[in-house]
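The values are calculated or read from the model by the stated rules, or taken from the named source; none is laboratory data. Values in this document were obtained by computation on a predicted structure and should not be read as measured data. All Cβ positions, glycine included, derive from the backbone under ideal geometry; neighbour counts span all protein chains shown. Ligands, DNA and RNA are excluded from the accessible area calculation, which covers all protein heavy atoms including side chains. Shrake-Rupley method; radii C 1.70, N 1.55, O 1.52, S 1.80 Å.
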Amino acid sequence: MAASDCLSPLLVRRLSKGSLSSCPQLMQFRHSSENLDRFIPNRSAMDFDYAHYMLTEGRKGKKNKKGSVSSLSKEAYLKLLTETFNMNRTCILAFKNKPPTPVELIPHQFYSSVHQSKPSKPLRHIPQTSEMTLNAPDIIDDYCLNLMDWSSSNVLALALENTVYLWDASNGSASALVTVDDEDGPVTSVSWAADGQHIAIGLNSSSVQLLDSSANRLLRTLKVGHQSRVGSLDWKNHILTTGGMDGHQQEVCGLKWSASGQQLASGGNDNLLYIWDMSMASMHSRSQWLHRVEDHSAAVRALAWCPFQHNLLASGGGGSDCCIKFWDTHTGACLDSVDTGSQVCALLWNKNERELLSSHGSMQNQLTLWKYPSLVRIAELTDHTSRVLFMVQSLDGRTVATAAGDETLRFWNAFGTFEVKKDSPKAEQPRPFPHIRQIR
């Protein structure tokens with residue numbers, strides 16, 4: 001069968017030289033997308049007058065230019081004429097229409113006022129130096145003591161040997177609260193009760209004194225049964241917890257109740273971290289802990305409960321450990337760990353951002369601000385010249401106070417201040433539907 005018997009007359013005329021031996025081969029050629037040989041112009045999108053000019057008069061003009069020299073004014077005139085009538089186009093055929101201009105259903109000024117881009121977070125400035133420095137002579141440089149606390153009434157307490165001093169942050173005044181006798185001293189720990197009025201003072205003689213700071217008087221002395229000094233204290237509402245040299249296998253260096261009051265964390269000089277739970281407490285047993293953690297390789301003094309995740313605890317190890325570890329206190333699992341490169345003395349969570357502040361010894365004696373959970377260093381503050389053992393923050397979380405073996409008490413804006421840009425007053429935008437009455 002001839003090829004022309006299988007094809008329409010139009011398709012036969014479109015074929016190139018040569019003949020086809022069979023219809024199946026021809027059908028394969030016909031349906032192959034790789035062998036299509038033409039585009040069909042869109043006549044409605046073409047300018048036929050311009051096309052005719054380019055195919056006739058335009059060609060003549062180009063030929064004449066080869067044999068004649070035009071004046072500069074004539075060339076400038078022709079160039080201007082070409083730009084005016086859009087004659088600098090190169091395409092004659094058009095294969096598709098231009099997309100139609102979009103129609104705005106809502107006027108642009110109304111749309112832009114409703115659909116605004118998300119504002120970028122303001123920049124934060126973290127001062128690299130302390131805002132204020134006070135003298136703290138004769139402060140005891142001991143890793144297992146806790147000599148400073150900040151009350152809910154905005155008063156900071158600091159123990160210097162046998163005397164406890166109070167500094168009122170609202171007016172900057174300082175006064176001595178109490179001085180203990182030499183046989184009881186020095187003072188080894190201080191801790192404010194939640195009411196901001198009563199304060200507990202641990203002594204080297206293994207006893208604890210309770211004082212009323214507003215009346216400046218001693219309420220009672222507690223013989224808590226420790227065999228030696230009371231180096232750590234913490235309150236849970238009206239319940240006071242004490243830690244001494246007989247709490248763990250060695251001295252208890254840190255005590256912290258969780259915000260819920262359900263769990264208590266204790267760190268010791270025996271490199272151990274214990275998590276105690278109220279549901280497992282027993283009056284007849286001293287071993288009812290929930291978790292016993294042995295991951296640190298040095299004394300565990302720094303403890304901080306996370307304010308935005310109630311079962312998250314951060315702990316820091318001493319000089320031969322240098323690690324900050326993060327724990328899920330429900331399961332006892334270590335969630336993360338970071339090697340800081342120096343002794344971890346104290347930890348504080350930022351109350352407004354997901355950040356953690358750590359104070360250190362040896363090397364730089366610095367404060368380091370960490371982003372959580374990425375654990376990226378945000379800032380390092382290095383004003384102290386000795387290890388920064390004591391670190392507390394104000395009730396609003398804006399100010400951090402540190403005391404170190406260099407006998408200075410420093411106040412920091414360690415979590416920084418956001419720089420809020422004031423927006424310029426904007427002209428009142430017209431309402432999109434002024435004829436519709438508003439409720440208010």
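Conditions tested, residue by residue: (1) modelled with pLDDT of 95 or more; (2) in a strand (DSSP E or B); (3) under 16 Å from Tyr143 (Cα atoms).
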site: Leu210; (1), (2), (3): yes, yes, no
site: Leu233; (1), (2), (3): yes, yes, yes
site: Met283; (1), (2), (3): no, no, no
site: Leu290; (1), (2), (3): no, yes, no
site: Ala298; (1), (2), (3): yes, no, yes
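Checked against (1) of a type outside the set (Asp, Glu); (2) closer than 27 Å to Leu348 by Cβ; (3) not in a strand (DSSP E or B), Val164 passes all but condition (3).
Taken together, the residues in segment 346-357 that are modelled with pLDDT of 95 or more and within 16 Å of Gly416 (Cβ to Cβ) amount to 7. Restricting attention to segment 215-227, does a residue exist that is surrounded by 20 or more Cβ atoms within 10 Å (Cβ to Cβ), modelled with pLDDT of 95 or more and on the phi < 0 side of the Ramachandran plot? Taking every residue of segment 215-227 in turn, none turns out to be surrounded by 20 or more Cβ atoms within 10 Å (Cβ to Cβ), modelled with pLDDT of 95 or more and on the phi < 0 side of the Ramachandran plot.
Among the residues making up segment 168-177, those that are out of contact with any Phe, Trp or Tyr (no Cβ under 6 Å at 6 or more places or on another chain), assigned to a strand (DSSP E or B) and open to solvent by 30 Å² or more (accessible area, probe 1.4 Å) are Asp168, Ser175. Within segment 365-419, being more than 19 Å from Asn350 (Cβ to Cβ) and either acidic (Asp, Glu) or open to solvent by 40 Å² or more (accessible area, probe 1.4 Å) (or both) holds for Thr382, Asp383, Thr385, Arg387, Asp406, Glu407. On the given criteria, is Trp289 open to solvent by 20 Å² or more (accessible area, probe 1.4 Å) and among the aromatic types (Phe, Trp, Tyr)? For Trp289, the condition - open to solvent by 20 Å² or more (accessible area, probe 1.4 Å) and among the aromatic types (Phe, Trp, Tyr) - is met.
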